[in-house]
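Please treat every number below as a calculation from the coordinates, not as lab data. The shown structure was predicted, so the numbers you read here are calculated from the model rather than taken from an experiment. In this analysis, Cβ positions are derived from the backbone assuming ideal geometry, glycine residues included, and neighbour counts consider all displayed protein chains.
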There are 2 protein chains.
Amino acid sequence: MNSFLKDKIKKIVGIDNYFDSLEDKLCYSYDGTPIFQHLPEAVVFPENEEQISLIVKLANQEKFNIVPRGAGTGLSGGAIPVENSIVLVMTKWNNILEVDTQNLTATVQPGVVTGILQKEVEKYGLFYPPDPGSLTVCTIGGNIANNAGGLRGLKYGVTKNYVLGTEIILPDGELLRTGGKNMKDVAGYNLRDFIVGSEGTLGIITKILLRLIPKPQQSITMLAYFDKLADSAKSVSGVIASHIVPSMMEFLDNTTINCIEDYTNIGLPRNSEAILLIEVDGWGSIVEEDAETIINILKKNNTSFVRKAANDEEALTLKTARRSAFSALARRRPTTILEDATVPRSELPVMIEKVTEAARNFNVTFGNFGHAGDGNLHPTCLTDERDNDEITRAHKAFDFIFNETIKLGGTITGEHGTGLAKKHFLEKAVGIPAVEMMKRIKSAIDPNNIINPGKIFSISPRCEEYFSVGNRR
Amino acid sequence: MNSFLKDKIKKIVGIDNYFDSLEDKLCYSYDGTPIFQHLPEAVVFPENEEQISLIVKLANQEKFNIVPRGAGTGLSGGAIPVENSIVLVMTKWNNILEVDTQNLTATVQPGVVTGILQKEVEKYGLFYPPDPGSLTVCTIGGNIANNAGGLRGLKYGVTKNYVLGTEIILPDGELLRTGGKNMKDVAGYNLRDFIVGSEGTLGIITKILLRLIPKPQQSITMLAYFDKLADSAKSVSGVIASHIVPSMMEFLDNTTINCIEDYTNIGLPRNSEAILLIEVDGWGSIVEEDAETIINILKKNNTSFVRKAANDEEALTLKTARRSAFSALARRRPTTILEDATVPRSELPVMIEKVTEAARNFNVTFGNFGHAGDGNLHPTCLTDERDNDEITRAHKAFDFIFNETIKLGGTITGEHGTGLAKKHFLEKAVGIPAVEMMKRIKSAIDPNNIINPGKIFSISPRCEEYFSVGNRR
């Protein structure tokens with residue numbers, strides 16, 4: 001990118017919102033995904049829709065690429081800069097514009113931190129359920145780009161279930177408005193839900209309308225230990241079969257338990273093969289009844305120890321410990337590759353076995369945890385990117401895991417997105433006609449392929465050179 | 001369409017599945033939408049995916065159009081034949097292929113009747129919530145094509161919330177598989193949800209995987225009468241503000257009450273300006289508590305009479321009466337135009353007023369009823385298509401209603417779809433960039449524009465001649 005073009009960009013966003021020193025570019029050369037890294041040509045912080053529109057129009061003219069990003073907590077490389085790109089950072093767009101207590105909606109800018117929004121709406125007795133692991137730092141815009149999940153997916157669904165509307169600057173610079181405050185809307189194609197999970201490849205989200213729900217009155221958090229991994233998996237199936245829908249049903253294996261215990265020292269059982277952290281919530285006495293039913297199911301499935309959190313504070317400690325799983329595992333070795341293979345719930349016991357098998361066969365260390373109620377596991381490889389041989393084995397282990405996932409009718413990504421990290425698996429996972437259709441839609445909307453190109457799939461091979469599977473090493 | 005081409009089609013589906021007598025074509029020349037009608041060239045009942053694929057490929061070669069349909073209960077003209085088209089009828093694809101009690105899913109063919117599916121899964125203690133008014137006759141395939149709603153939308157959402165996967169023959173004859181039994185899946189673009197609500201314009205759905213939920217243990221149905229329309233609207237807002245989410249909150253105005261009473265004779269109050277039919281459901285004592293809270297809200301808002309259904313049988317009678325609203329209204333005059341203007345919930349009282357105003361200003365009769373909890377009204381014009389002057393006034397009244405809806409931040413269709421009936425309102429409702437994007441996607445997927453062309457929007461003007469607004473008259 002020549003200095004003449006850089007000056008044009010600087011003129012659009014203003015000198016205070018433009019950065020291209022090596023130090024600045026380095027800060028935006030990576031996201032939460034290990035190993036992937038690439039320097040952008042520049043980093044910009046646009047101030048309004050008009051600036052974004054002008055940048056997009058310029059990118060079409062001058063054929064440079066735009067990589068939009070929020071907090072950069074993504075785990076599939078969706079916010080990694082590509083060749084000849086500028087990073088467009090939306091973190092300063094962090095205002096909650098409205099909480100509408102009559103229609104139970106919130107209007108927010110994309111840079112609002114998810115956890116802050118949750119606290120804000122709780123002041124009104126309302127509830128924004130999606131709670132990705134990174135909720136204290138990640139932004140709503142990124143949540144929408146990736147259709148983020150979280151711990152409460154089983155009962156409450158994922159981000160897309162709470163998006164009522166978006167405003168987005170399209171690849172031609174026009175502003176698209178989707179949705180509205182209507183609870184039902186079938187006017188034309190469902191563009192709103194299509195934008196959710198499109199990983200920043202269809203435009204830049206500038207405003208979001210979210211659906212809120214009444215905050216459940218009470219919740220009970222339970223913790224159960226298991227000597228045998230298989231018993232924890234059977235317990236999960238038992239709860240699903242009982243037709244109780246917990247608001248949380250989290251699984252942690254022995255490696256994860258020990259890493260969390262090293263990190264938090266809250267007294268988790270270092271010798272247990274697995275623990276389950278289960279929460280039920282709702283209104284009235286049924287919450288207590290559900291908890292008792294679940295405890296009986298756990299006992300029938302040989303839990304070695306089960307108890308209810310004594311109070312809200314203890315419940316929060318347990319949930320915070322679970323949320324720290326990624327950070328805790330990340331302290332063990334220099335490189336932490338966290339994935340999100342997801343299978344039909346009935347296949348969870350098989351899948352847990354397959355992760356153990358992968359670790360054994362390829363001689364690598366895996367921590368395994370995840371949203372058991374959803375069949376959404378986070379097999380996490382603790383490795384070191386400087387060790388070529390080990391990294392190669394780690395990748396082979398993941399290849400094995402994803403192939404097994406697909407055989408079980410599962411998906412390569414439950415909540416992290418495809419990005420760069422899993423694009424080479426996409427065809428196998430969803431089939432050639434699906435990828436072909438995705439490419440056609442992308443080309444129809446972004447004919448010059450300038451908005452976050454090379455993510456999810458490749459239209460042109462130019463981004464491939466930088467991020468083939470091999471280059472992840 | 002010449003006889004040489006017709007013979008080719010006949011050869012693909014077999015002589016027993018091909019019809020082109022005038023009587024047969026007449027039967028498939030209309031759907032549930034009044035006034036629209038057009039003769040197809042032929043009607044076919046394909047037996048398997050291969051036949052559908054061959055027909056689609058032939059249509060691309062020979063440039064004829066395919067209009068897929070199920071039971072034809074649609075209310076926006078989505079299944080009306082277009083110029084040079086064959087109707088492809090899927091009603092014989094009516095098998096429930098699997099009920100998976102471990103993963104809580106059902107795999108069905110598109111021709112399964114919604115109500116039959118519901119009864120079947122209830123045998124397993126499971127629940128398929130979407131319940132369009134036509135559920136005893138409409139098919140799941142059509143529900144998905146239109147993202148059908150129903151009476152339980154407020155608490156349980158609409159069809160799209162229960163679609164886990166689809167198989168669909170694309171406009172190029174390839175089979176696309178979307179989704180699967182995973183509760184979470186973000187691999188690539190969300191094609192699955194994009195197919196839902198695409199009104200048969202992106203391909204022919206051949207298989208569907210549905211999400212089921214545990215059936216609520218109990219429900220309480222309440223009926224409340226109001227002397228003043230405004231008090232019923234205030235009651236609805238009051239219930240929403242109380243943070244109780246009823247499984248049903250239906251509104252009926254005086255005209256609708258009288259038509260239903262003429263038809264059913266169950267003792268509805270002929271002099272009330274409005275009634276509300278409210279149901280709460282769930283588990284445990286909270287259901288009873290919620291019902292009491294709601295009754296207090298109704299009393300505070302001047303209900304003249306309120307009671308709980310004494311038993312399940314009475315509750316069913318009341319709900320069946322509500323479900324008969326359309327049929328009951330349809331007995332009053334020869335032509336019944338039922339629409340589904342939907343507004344943010346807080347605007348419901350204004351919208352109810354606007355329908356009254358439309359009836360008065362344009363001197364036409366409206367019955368008004370609908371899903372009050374969703375802000376989804378069904379203003380229904382009782383008219384006579386043979387009376388040109390009255391029909392013109394009716395259309396002007398609807399123009400007024402939709403313009404007011406849009407001004408209130410509402411949508412032109414909450415659950416019926418855009419089809420032919422509302423395509424001329426689409427640009428005003430969703431904006432030019434949105435319609436432009438829809439057209440680009442349609443063209444990318446169906447370059448010859450052969451699958452249900454001219455529905456939702458027009459790519460080429462040729463379908464316009466048949467179905468301009470004027471021609472609805």
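For the segment A:425-438, counting C-beta atoms of other chains within 10 Å of every residue's C-beta and taking the mean gives 5.
Of A:Met351, A:Ile459, B:Gly419, which is farthest on the positive side of the dipole of the protein assembly as shown, counting Cα position, with +1 on Lys and Arg Cβ, -1 on Asp and Glu Cβ, and the Cα centre as origin? Among A:Met351, A:Ile459, B:Gly419, the one farthest towards the positive end of the dipole of the protein assembly as shown is A:Ile459. Available extension along the chain between B:Lys300 and B:Glu313 is 1.8 nm, counting 0.36 nm per residue and deducting the alpha carbon span.
Here is how far apart the B:Thr356 label points are across copies: 6.9 nm, shortest first, using a point 7 Å from Cα toward Cβ. Basic side chains Lys and Arg get +1 at the Cβ, acidic Asp and Glu get -1 at the Cβ, and with that the dipole of the range B:3-89 about its Cα centre reaches some 200 debye. Peptides A:165-178, B:338-351 ranked from most to least packed by the mean count of surrounding Cβ atoms within 10 Å: B:338-351, A:165-178. Structural size metrics of the range B:3-89, computed from C-alpha coordinates, are Rg and Dmax of 12.3, 35 Å. The local environment of B:Val99, defined by Cβ-Cβ distances under 9 Å, has a net charge of -2 under the rule Lys, Arg +1 and Asp, Glu -1. At q = 0.04, 0.05 Å⁻¹, work out log10 I(q)/I(0) for the protein assembly as shown with the Debye formula, treating every Cα as an identical point scatterer and leaving solvent out; two decimals please. Evaluating at q = 0.04, 0.05 Å⁻¹ gives log10 I(q)/I(0) of -0.18, -0.29.
Across the range A:174-179, coupling constants 3J(HN,Hα) worked out from phi with the 6.51/-1.76/1.60 Karplus curve, θ = phi - 60°, read 7, 8, 9, 10, 10, x Hz, and Gly and Pro carry x. Annotation for A:Asp7, label-to-label distances across the other copies: 7.3 nm (shortest first, one decimal, point 7 Å from Cα along Cα→Cβ). Between B:Asp16 and B:Val350, the modelled labels are 5.9 nm apart [label points 7 Å from Cα along Cα→Cβ]. For the pair A:Asn448 and A:Leu26, label points projected 7 Å from Cα toward Cβ lie 3.2 nm apart. Under 5 Å from the amide H of A:Phe127 lie the amide H atoms of A:Ile213, A:Lys215, each residue being 5 or more positions distant or on a separate chain, with H modelled from the backbone and absent for Pro and chain starts. Over all Cα atoms in chain A, the spread is summed up by Rg and Dmax: 22.4, 71 Å.
Calculated mean residue ellipticity, 222 nm, chain A: -10500 deg cm²/dmol, from DSSP H runs (n ≥ 4) at -39500 (n - 2.57) each, averaged per residue and rounded to 500. Rounded to the nearest 20, the Cβ-based charge dipole of the range A:299-441 about its Cα centre (Lys and Arg +1, Asp and Glu -1) stands at 300 debye. Magnitude of the charge dipole for the protein assembly as shown, about its Cα centre and with charges confined to Cβ atoms of Lys, Arg (+1) and Asp, Glu (-1), is about 580 debye. Less than 16 Å from a label point 7 Å out along the Cα-to-Cβ axis of A:Asp389: which backbone N atoms in the range A:347-374 qualify, by residue? Output list for this probe position: A:362-365. Modelled this way, with points 7 Å down the Cα-to-C-beta line, the labels at A:Met1 and B:Ile432 are 3.0 nm from one another. Between copies, B:Gly431 shows label-point distances of 3.4 nm, shortest first, with the point placed 7 angstrom from Cα along Cα to C-beta. Contact order for chain A, expressed relative to its length and based on alpha carbon pairs under 8 Å spaced 6+ residues apart, stands at 15 percent.
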